[in-house]
Amino acid sequence: MLPWTPGTMRRNERSAPLSILVALVLATIGLGPGCDDEEECDFGWCSYVCGAAGYTGAACAGTDCECLGTIGDGGSDASPDGDADADADADADSDADADADSDVDSDADSDADGGCGTHPLAVPFAATTLTFSETEDLDAACTDELGPCARLADWEEVCAYYEGGGDMAAFMAAAQLTGYDFNALVKAWGEEFYDETRHFFITRHDHVTPGDYFAVDHIDDHLINLGCWYGLDLRALCYLDE
């Protein structure tokens, strides 16, 4: 007789593990310490078989081996499927952690390798919402409002944008030059001041320059003029060096 009765072993309605099947084969062919038809159940062998299956107890009833108790501690499911699920969850968590670490590393690498000047914008200009005098730190004003890649725009950059075929209507909107005689502070040729007191700024004049306006330079036949003066209270035109 077999060392245990299949009908008496239940493992949360799951199949017996491989070690039990091996024990069955060995007992059937006479290689295991199972019971013969005329012998009582061997409790040691019964305990071994039930323990291998994950049960907490075993009992011999005549020639039958019966597994008792629950699987694992407190009836928790210690089945191979449960182990596989736990392994899968652990793998998923590990993969998620690895992906998160990879994303952080990727972002850090991107910031370190990229930074300002690596993502040029179609219209790389913007005006501050606040107004400033010519004596204030205008680079800091741009950075404070528009981020670390913003700085005071240079007239040469405005000219380069125009000469490169830039959309001037889009530029006017970005620079808040939304009407005639609207202004914004800039620097020109790397300098903020034309002389000791007069700071550079640009003005939208739509090709018609007032007689009292000193135009240092201009774009598109005075569509935009470069002027200079003091005692100003204007927005700053910033260049977004993304």
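The values are calculated or read from the model by the stated rules, or taken from the named source; none is laboratory data. Note that this is a predicted model, so its numbers are computed, not measured. Positions of Cβ are generated from backbone atoms using ideal geometry, with glycine treated the same way; all protein chains shown enter the neighbour counts. All accessible areas refer to the heavy atoms of the entire protein, side chains included, with ligands and DNA or RNA removed. Shrake-Rupley method; radii C 1.70, N 1.55, O 1.52, S 1.80 Å.
Some observations on this one:
- Cβ-defined net charge surrounding Glu136, 15 Å radius [Lys, Arg +1; Asp, Glu -1]: -4
- J(HN,Hα) series, the range 198-203, from Karplus relation 6.51 cos²θ - 1.76 cosθ + 1.60, nearest Hz, glycine and proline x: 8, 8, 6, 8, 10, 9
- When you restrict to C-alpha pairs under 8 Å that are six or more residues apart and normalise by the size of the range 128-186, the relative contact order lands at 25 percent.
- Neighbour net charge for His119 - beta-carbon separation under 11 angstrom, K R +1, D E -1: -2
- List Asp212, Asp139, ordered by accessible area with a 1.4 Å probe, largest first: Asp212, Asp139
- By accessible area with a 1.4 Å probe, ligands and nucleic acids excluded, highest first: order of Cys116, Cys67: Cys116, Cys67
- Along the range 125-140 the Karplus relation, 6.51 cos²θ - 1.76 cosθ + 1.60 evaluated at θ = phi - 60°, assigns HN-Hα couplings of 10, 7, 9, 5, 7, 8, 10, 9, 7, 6, 8, 7, 7, 7, 4, 5 Hz to successive residues, with x for each Gly and Pro.
- Full extension of the chain between Ala59 and Leu130 yields a length gain of 16.9 nm, computed as 0.36 nm times the residue separation minus the alpha carbon distance.
- The residues Trp155, Trp229, sorted by heavy-atom accessible surface at 1.4 Å with ligands and nucleic acids left out, run Trp229, Trp155 from largest to smallest.
- Relative contact order for the range 202-242, counting Cα pairs under 8 Å that sit 6 or more residues apart, in percent: 37
- A simple count of charges around Met172, restricted to other residues whose Cβ falls under 14 Å of its Cβ and scoring Lys, Arg +1 and Asp, Glu -1, yields -2.
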